[in-house]
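Worksheet: the structure to be examined is printed underneath.
Every number here is computed from the coordinates shown, using simple stated rules; none is lab data. Since the structure is predicted, the reported quantities are computational estimates derived from the model, not experimental observations. As a convention, Cβ positions derive from the backbone with ideal geometry for all residues, glycine included, and neighbour counts pool all protein chains shown.
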Amino acid sequence: MNRIVIAALSIIICLFAITGCRGNYLPDLPSNAIGFDMGTFHDIEHDDALFGSIEYGGRTYIMYGTVNNKYKQSYIDSCIGYIIQNEHSSSVIDPDNTNRRIYTLSVDPEQNFLMDFDDTIKLMNQPVFLRALDTKGAEIDIPSYIDSLGYEFWEE
């Protein structure tokens, strides 16, 4: 009987670890949240790739990387807004269009990176990181918890 109880508790603990309550630890959407329109950046110099882009603080940000296993919730500074979802978006799960949120990072005071996190995805959800275009080729600190996805555009 004890083995069954231990197995059941182990399964419950694993489910919490996988799904977690991650959304509870992320900063809330502020009342003055920015609604980001997703634009497009065309990389004609390398592989003719198209990247989704957002504009923030006079800078353009595109996809750079994902999180590695060193990530902690304390690395998130604040929520600044959300990506506007519309009828052409790949996901229309979010009826109020505010669940795909953009965050600043506490270890990145220059705001060279932003985090994009969709809290409608409950299982195995990982944030992605956007990098400011004006940092290409520049000597910047890349937070240790961000792994590059290897896009040709960002290769130095």
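At-a-glance table
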quantity	calculated
Peptide ranges 102-108, 52-58 listed from the most packed, as the mean C-beta count within 10 angstrom indicates	102-108, 52-58
Theoretical gain in end-to-end length, Glu110 to Ile84 [0.36 nm per residue, Cα-Cα removed]	6.9 nm
Extension gain, Met38 back to Leu149 (0.36 nm per residue minus Cα-Cα distance, nm)	38.0 nm
